[in-house]
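What follows is one structure encoded as structure tokens, with my remarks underneath.
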Amino acid sequence: MDEQADEAEESDEALREAVSAVYAAAPADFVATRQEWVTRLRSQGRKDLAKEAGALRKPSVAAAAINALVRAGDPAAERLTEVGARLRHAQSAMDVTGLQGLRAERDAVLAEWVAAARRHAPVPLTAAGEGEVRDTGVAALAGAHATEVVLGGTLTRALAYSGFGEVDVADAVARTSTGVVLTRIEGGGAEDEPAPAGVGDPSRDDDGATPAGPDGPDGAAEEPDDSDALPRLQDELEAAEAEVGRAREARKEAAAAAGRRRDELEVARSGVEQARRLLNQAEQHATTAQERADRAQGEEDAADEGLAAARAARDEARRRLEEAQDAG
């Protein structure tokens, strides 16, 4: 059982090494680097791993730029993680004031994120590419799992967040056939990856041929090499990715429109909240004024009663005086 566990661990490590090296390659070298690892893993008798390596998807231009900035250890990645955690905490606590206070910081960290991607991009980013980089940053801010995917260094496409629910990360990152997310090996890169198969590889003869083994001339027939089909499959994949890109662009426009409406809603809600505060203050002032008016009315009524009594006393005094004068 332990031996099987060790073999599984070795296989996972070998695949992660391949993934780390393939996604460290420049976009122009991606297919060639991937094929080198497919050949190497086949030569080691790891045909299942070779198939998984051959299925690794080429990253889009925006995803390649993000992978490059992550692998370079740019501070923008750490800032994105930190601000995202604070935003999600404020949102979960329904802290409206906190969210409003973080708006400027959110915008600043997204600007830093795009600038970092522009610096590290293997090929120049277009305005649309920078937009995808920013959308991916927005998605990373929205969810912890999205942050993990984006900062794994094996992103295959840009992410987008609609503003509701979870971020869709399907087919956005390198995975094993069982669905395990594969990330870069820390400290790994193109400059320190092993030599391609056939160059200093002890599993090959001096002439570069693989020695006979269990699947060689003395064993069962070797599995047919489907490497010739890779260019065709790659073309099909790129055509499908182009279609996905168009759909993603439409979704991005819809998400942008929804974002504008949410901003308008937030402004309106802020206005309503301010109006409620002013109304509450006005009602309090009205209540106080009513109480004072009631007291003044009571005082006026008492004064009227006092005046009436004084007038009655005066009239009585005048009557008595007149009677006295008539009698005298």
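Quick note: the coordinates plus some simple rules give every number you see, no bench work behind them. Remember, it's a predicted structure, so these values are computed and weren't measured experimentally. No Cβ is skipped: glycine too gets one built from the backbone with ideal geometry, and neighbour counts run over all protein chains shown.
Summary table below
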| read-out | value |
| --- | --- |
| Paramagnetic reach from A144 in the stretch 68-83 [backbone N under 18 Å; point 7 Å along Cα→Cβ] | 78-83 |
| Equivalent-ellipsoid semi-axes of the stretch 79-177, from the Cα gyration tensor, Å, largest first | 23, 17, 11 |
| Spin-label proximity, A104 to the stretch 252-286 - amide N less than 11 Å from point 7 Å beyond Cα toward beta carbon | none |
| Distance (nanometres) between label positions extended 7 Å along Cα→Cβ at D29 and L321 | 12.3 |
| Rounded to whole Hz, the Karplus (6.51, -1.76, 1.60) HN-Hα couplings of the stretch 142-154, x for glycine and proline | 7, x, 5, 5, 5, 4, 4, 5, 5, 8, x, x, 10 |
| Overall Cα dimensions of the stretch 1-107, principal axis frame, Å, largest first | 60, 41, 20 |
| Under-5 Å amide H pairs with V173, H placed in peptide plane, nonlocal only | T156 |
| Inter-label distance, nm, simple model (7 Å from Cα along the C-beta direction), D12/R269 | 4.1 |
| Calculated FRET value between K51 and Q284, using beta carbons and R₀ = 56 Å, to 0.05 | 0.15 |
